[in-house]
1. Run the helix sum for the chain: -39,500 (n - 2.57) per DSSP H stretch of 4+ residues, divided by residue count, reported at 222 nm to the nearest 500 deg cm²/dmol.
2. With angles folded into 0 to 90 degrees, how steeply does helix 547-559 sit against the dominant principal axis of the chain? Use alpha carbons for both and round to 10.
3. What dipole magnitude, in Debye to the nearest 20, does segment 400-516 give about its Cα centre under +1 on Lys/Arg Cβ and -1 on Asp/Glu Cβ?
4. Listed here are the pairs Lys141/Lys543; Lys141/Lys524; Lys144/Lys543; Lys29/Lys332; Lys29/Lys512; which of them are more than 28 Å apart at the Cα?
5. Using a 10 Å cut-off on Cβ atoms, rank the peptides 439-446, 409-416, 422-429 from the highest mean neighbour count down.
6. Calculate the length of the line joining the C-alpha centroid of segment 257-283 to that of segment 507-569, in whole Å.
7. Just the projected area, averaged over all directions, of the convex hull on the alpha carbon atoms of segment 314-429: how many nm²?
8. List the chymotrypsin sites (Phe, Trp or Tyr not before Pro) within segment 342-405 that fall in a DSSP loop (any state other than H, G, I, E or B) and whose Cβ has at most 15 other Cβ atoms within 10 Å.
Amino acid sequence: MEASFEITLQIVIAVIAGISAQVLAEFLKVPSIVFLLLLGMLLGPDGIRLLHPHDLGIGLEVIVALTVAVILFEGGLNLELRELGKVSGSLRNLVTFGTLITLIGGGLAAHWLGEFPWPIAFLYASLVVVTGPTVISPLLKQVKVDRQVAALLEGEGVLIDPVGAILAVVVLDTILNADTDPLEAFIGLLLRLGIGSGIGVAGGWLMGWILKRAKFLSEDLKTLVVLAGLWGLFGLAQTIRSESGLMATVMAGIVLGSSSLPEERLLRRFKGQLTILGVSVLFILLSADLSIASVFALGWGSLFTVLALMFVVRPLNIGLCTWNSDLNWRQKLFLCWIAPRGIVSASVASLFAILLTQRGINGGDSIKALVFLTILLTVFLQGLTARWVASWLQITSQEATGALIVGCNSLGRLIGRLFQEQGEAVVLIDTDPEACQKAEEENLRVFLSSALDHEVLEEAGLDSMGTFLAMTSNGEVNVVLAQRAAEEFRPPRVLAVFPRDAEAGSQNNNTKVNQAFIPHFPLKTWNQYLDEGQVKLGETVLKEPGFCFQQLHLQALIGSGDLVPLLLEREARLLVVPASEDWQVGDRIIYLLHDPRPKLLKRLSGATPSSRLALEKLPEVEEVPIPVAAVETLLGEMKLEENAKVLQPPSLG
């Protein structure tokens, strides 16, 4: 009874510590593995001695196996196959050729620098060929890099984990059975990959088929059916061939994720929560089981081994595997820097240390210590600096330029031309053939299609665009289009024209859809103004002297319905003006000003107004007539400071 209570207490402490580390990491916006490692070592025998993972006995191995299965399944489930298609060559190279480079380079470094025997050196290298998806995924959520780089890192982290784990088993088998034929070892590797892939594909398809047809199952029960199914596939593969279960779980996740299940979001959410719990508990237990003295006993040679892995082997790997890709040098440099090791390396190293010790082979504890040293250095050095490196290399998604505009109406075409004149890529989408033809006549790239078509958005290049703007004549449709674009492609700026209050539209942080231009923007009216030539295109730069007065002036014109701000140039970037934007000193605002005089001239002379607008400077404030009612309303609402009371309203023409 007392022994069972001790084991229960160990699990409870691990769960509380793991979730606490996750909360702290979420608050401080750093990778959670940092605090998981620190808390685990603090609570372990070398710290305050609250956790003793050895008390769990064989239970620790069971927890490791089942948790890693869930982690890899969740990684396969979240793998975006569409994104991987764009980096398939580089990803294939990293998972195959790159694995071999890391294995050879890491083995040579461990032998020559760390002075490990050849078998133990290559066993270490096989354990660190993997990059942990449990570290990569949270890191990419905090550091918003461009989609191509993110897809490659995520794909590598998910797909290389089972390959690396199986490779490590082959190397371990070779060490434990020194007389094993190399050909037999290679055949064993292929068998494990083949059996695992076959069982995973068949099982994933079967689970998808059941979930689509079992209408009597509740949504909550379906997620548990999937959990039971993935553990069943893992156990079946392990029974047929040891260590093939990891590949089975990955393939099952990939197949199920591409099955277009109605409950896909709920399933992803449940598996994500389960993964967070599993990673938290497992990292706490494994780091608590680590002997800090064994890490220091490794010496400087082991430190140089890890540094060689980071600064020599990884850049060589990326350079060769992405040689013929369309990645630029900034993207490749970021890929060279980001390769943190995670839970798979730690868990497999812990199991191998036990197996080697049981067989009377020296080096098990040293291997575990060296793997954890690799995890510590890569996570702390790379994870904590990833945001700074991405910003320095200018590959964050916030740096993306260009615009995809849904709606080939007059205003949409005008905004497209303004972006194009700034040298930025622009694509327009519409279902109206006549409107698309007008856009083509203005040398704009156009897709005659629905913006609900994912493949069309993909072909239009939304994944690399900085702005998505939905401005069709239907405001509700614009909201739906913008929400889908935000969820599926995650461009940095998503805006829509919709008949709702700007604050209400921006409250949903999950969709991140902003209202474009101004609240309650009358799109039809301004398109009519453009068609009839009743507008002037102008610009103004907000300057320090008189900044408040300039804002008052512009807001008065906006409030009267005579002016609409379109674009904002800030820090050399052209942005569509959101309705809730706070203007800053130095902003260059491009706007449309309603001017009914051309319509009168047209009636008198029969002339046709020009379809191209020339960009004009906004006249001095005192020369622009502002409606008296608009000025009185604005001045009545503003609480002017004492030093602003001497300002006079602009002259009223």
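1. Taken over the chain, the calculation gives -19000 deg cm²/dmol.
2. For helix 547-559, the angle is close to 70 degrees.
3. 360
4. Listed pairs above 28 Å: Lys141/Lys543; Lys141/Lys524; Lys144/Lys543.
5. 409-416, 422-429, 439-446
6. Value for the Cα centre distance between the two parts: 43 Å.
7. 11.1
8. none
Since every read-out is calculated from the coordinates, none of them should be taken as a lab result. Worth saying up front: this structure is predicted, and the values here are computed from it rather than measured. Note that each Cβ is placed from the backbone with ideal geometry, even for glycine, and that neighbours are counted across all protein chains shown.
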